[in-house]
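J.: The structure is given below, and queries will be raised subsequently.
The values are calculated or read from the model by the stated rules, or taken from the named source; none is laboratory data. All values derive from a computational prediction rather than experimental measurement. No Cβ is skipped: glycine too gets one built from the backbone with ideal geometry, and neighbour counts run over all protein chains shown. What goes into the accessible areas is simple: the full protein's heavy atoms, side chains included, and nothing from ligands, DNA or RNA. Shrake-Rupley method; radii C 1.70, N 1.55, O 1.52, S 1.80 Å.
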Amino acid sequence: MALALCLPPTPLGFLAPLPLIWLLTRGGFRFGLLAGIGFWAVHLVWLPLSFVVLFETPWGAVPYLPLVLIKAALWGVVFGLTRGRPLARAGLWVVQEYLTSLGEIAFPWGFMGYALVEAPGRVLASLGGVYLLSLVVLGMAVGVYAAWQRLRADPVVFSAPALGLAGLLLGWVGLWSIPLPALQANEKALLVQGNINPLRKLEGASAEETYLQLTRQGLQAHPDVTVVVWPETAVAGFSPQLVALLGHRELISGLETGITNRVVRLWSGQVTHFYDKNRLVPFGEYFPWSEALRPVYRFFFRAFGFDGDLGSRMPGTAYTPLDNYGAFICYESVFPSVARGLVLNGAQVLELGSNDAWYGPSFGGLQHFQMGRLRAVETGRWLLRAGNDGVTAIIDPYGRVMARIPQRQAAYLAGEFGILQHHTPYVRFGDWAVILAALLSIGLRNRAKGTIV
């Protein structure tokens with residue numbers, strides 16, 4: 001539970017090594033399972049808070065329990081296989097994080113690297129992604145524990161253990177205090193936050209007038225804007241009024257097609273590029289094992305107030321930029337591979353459209369935002385994030401929030417950003433930190449015989 005309070009959206013990431021020292025050095029499967037239940041119950045508590053309030057039914061809390069148990073069981077496996085081997089446990093922990101980002105029902109939440117999202121030291125993600133940050137956080141805990149144990153056995157002030165412990169602590173402080181240079185921004189964007197109730201949109205309510213009005217107000221106040229950004233599934237079509245309003249400017253907007261979750265680039269009245277969401281939300285946009293679980297789906301659809309069956313959306317097939325813009329959508333922001341793929345294919349600035357209104361009044365939307373900030377660091381790109389009800393913000397390639405507007409209100413945000421072309425080491429070499437983590441976990445082979453429970 002204490003570890004959960006060290007991850008977003010709280011600002012307590014600097015404390016993360018403390019509970020990790022305890023978790024990395026004790027127990028087997030049973031210990032890991034119980035610790036996992038405590039962690040995931042707190043880290044994902046936004047799920048029942050969101051669904052119960054949004055859908056106005058206690059059935060909204062039902063998916064929470066199996067998700068917590070599954071995630072906790074994965075911890076149990078990691079702990080059971082690495083009993084008595086803290087370094088191997090740290091390595092396997094990161095491998096487990098990576099594996100949870102794979103497959104059609106992937107749910108890559110709770111990575112230890114996100115403890116550094118508020119630290120300037122997050123710039124290390126440009127070298128090896130969030131997985132490298134996870135290794136740093138877990139490695140810090142292992143190093144402090146090892147140095148402290150040696151210092152207890154040999155309590156000499158200027159001994160190697162004492163100097164090692166001091167060096168580790170100074171390094172950790174440095175991650176939270178290093179200065180970051182200023183960056184030049186030579187473009188200006190207008191991001192629009194409509195604050196539209198997603199259930200009303202499902203019932204057919206139009207948001208077009210809201211977005212037109214906010215865009216008009218924003219362009220009147222900031223006529224030097226070169227690109228306008230609307231969030232995920234903002235509208236179902238574009239009116240002639242919009243074309244006249246934009247003039248020479250580009251629009252990057254979510255477009256509701258009914259079949260795909262799409263974002264398009266509109267310029268001079270024409271849709272010049274489009275991108276369909278590749279990583280669909282399991283059990284939200286995509287319904288796995290639909291034939292076998294059809295009665296279960298129908299029960300919950302009725303409980304949530306939907307008539308009939310909800311069909312799965314069609315996923316996209318490639319990470320294709322919209323001209324200079326690497327546009328990706330909502331859930332995709334927690335997958336490092338998505339933003340990396342867009343940059344490898346030529347994206348010079350990232351654009352994220354989201355609809356976090358599904359999180360309701362919980363902290364889920366803020367947690368989602370904080371995780372997505374690292375995609376800017378990993379790729380070395382500016383990130384324009386337009387959310388239906390927030391968080392709408394502009395983030396620089398060092399992960400700093402340069403401009404932001406409050407959540408849950410209709411508003412617009414005007415701010416500067418830059419176009420960049422270089423590739424970070426992470427973009428070039430990918431998830432090499434996971435390979436390093438796997439090598440650390442090889443200690444599994446030499447584990448002494450005995451119980452893993």
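J.: I want to check the label-to-label distance for V53 and T25. Put each point 7 Å from Cα in the C-beta direction and report it in nm to one decimal.
T.: Result for the modelled spin labels: 4.0 nm.
J.: Here is a follow-up. Could the peptides 35-46, 390-401 be put in order, highest first, of the mean number of other beta-carbon atoms found within 10 Å of their residues?
T.: Values: 35-46: 19.7, 390-401: 22.9.
Ranking, from highest mean packing down: 390-401, 35-46.
J.: I need the phi-derived Karplus couplings for the range 356-363: 6.51 cos²θ - 1.76 cosθ + 1.60, θ = phi - 60°, integer Hz, Gly and Pro marked x.
T.: 7, 4, 5, 6, x, x, 6, 8
J.: So what is the diffusion coefficient of the range 272-421 in µm² per second by Stokes-Einstein at 20 °C and 1.002 mPa s, using a Kirkwood Rh over Cα pairs? The partial results should precede the final answer.
T.: Numbers: Rh = 16.5 Å.
Calculated translational D: 130 µm²/s.
J.: Rank D307, D276, D323, D224 by accessible area, highest first, at a 1.4 Å probe radius?
T.: Ranked from most to least accessible, the order is D307, D224, D323, D276.
J.: Still on this model: With a sphere of radius 15 Å drawn around the Cβ of G110, what net charge do the other residues whose Cβ falls strictly inside it have (Lys, Arg +1; Asp, Glu -1)? Each step should come with its number before you reach the end.
T.: Working: positive: K71; negative: E97.
Net charge in that neighbourhood comes out at 0.
J.: Here's a follow-up. Got the relative contact order for the range 119-203 handy, in percent, Cα pairs under 8 Å and 6 or more residues apart?
T.: On the way: 40 pairs, mean separation 30.6, N = 85.
For the range 119-203, the relative contact order is 36 percent.
J.: Based on a Kirkwood Rh over C-alpha pairs, give the Stokes-Einstein translational diffusion coefficient of the range 125-218 at 37 °C and viscosity 0.692 mPa s in µm²/s. Can you show the working numbers first?
T.: Numbers: Rh = 18.8 Å.
The diffusion coefficient I find is 175 µm²/s.
J.: In Å and from the alpha-carbon atoms only, list the Rg and Dmax of the range 264-338.
T.: Cα-based Rg and Dmax for the range 264-338 come out at 16.0, 48 Å.
J.: What's the whole-number percent of alpha carbon pairs in the range 44-146 lying beyond 21 angstrom? Mind dumping the intermediate values first?
T.: Details: 2470 of 5253 pairs.
Cα-Cα pairs in the range 44-146 separated by more than 21 Å: 47 percent.
J.: For E351, enumerate residues with amide H under 5 Å from its amide H, sequence gap 5+ or separate chain, H modeled in the peptide plane.
T.: The answer is G326, A327, F328, L384.
J.: Continuing with this model, one more query. Mind pulling the per residue volume of the convex hull built on the Cα atoms of the range 188-239? Å³ is fine. Kindly include the intermediate steps, with their values, before the conclusion.
T.: On the way: hull volume 3.9 nm³, N = 52.
So the per-residue Cα hull volume is 76 Å³.
J.: What percent do you get for the relative contact order of the chain when only Cα pairs under 8 Å and 6+ apart count? The partial results should precede the final answer.
T.: Details: 935 pairs, mean separation 94.4, N = 453.
Relative contact order here is 21 percent.
J.: Determine the order of W289, W59 by accessible area, beginning with the largest, at a probe radius of 1.4 Å. Show your work: numbers first, answer last.
T.: Details: W289 150, W59 115 Å².
Sorted descending by solvent-accessible area, the residues read W289, W59.
J.: Accessible surface of Y412 in the full protein assembly, 1.4 angstrom probe, to the nearest 10 Å²?
T.: 70
J.: Further, regarding this structure: For Cα pairs less than 8 Å apart in space and 6+ apart in sequence, what is the mean separation divided by the residue count of the range 40-103, i.e. the relative contact order in percent?
T.: Values: 34 pairs, mean separation 14.5, N = 64.
Relative contact order comes out at 23 percent.
J.: Can I ask one more? Once the mean 1/r over all distinct Cα pairs of the chain is inverted, what Kirkwood radius in angstroms do you read off? Mind showing how you got there, number by number?
T.: Working: mean 1/r = 0.0432 Å⁻¹.
Answer for the chain: a Kirkwood hydrodynamic radius of 23.1 Å.
J.: For the range 211-296, how big is Rg over Rh, using alpha carbon atoms and the Kirkwood form of Rh? Walk me through the numbers before you get to the answer.
T.: Values: Rg = 16.6 Å, Rh = 14.6 Å.
Value, to two decimals: 1.13.
J.: Separate question: Can you classify the range 301-377 as rounded, prolate or oblate using the Cα gyration tensor, where a ≥ b ≥ c are the square roots of its eigenvalues, rounded means a/c under 1.5, and otherwise it's prolate if a/b beats b/c and oblate if not? Working shown, then result.
T.: Values: a/c = 3.12, a/b = 1.55, b/c = 2.01.
Verdict is oblate for the range 301-377.
J.: Tell me whether the range 1-80 comes out rounded, prolate or oblate; compute the Cα gyration tensor, take square roots of the eigenvalues as a ≥ b ≥ c, and use a/c under 1.5 as the rounded threshold. Working shown, then result.
T.: On the way: a/c = 4.19, a/b = 1.51, b/c = 2.78.
Oblate.
J.: Per the helix-only calculation at 222 nm, which mean residue ellipticity applies to the chain, given -39500 (n - 2.57) for every DSSP H run of n ≥ 4 and division by its residues, nearest 500 deg cm²/dmol?
T.: Values: 15 runs with 185 residues, N = 453.
Mean residue ellipticity, 222 nm, calculated: -13000 deg cm²/dmol.
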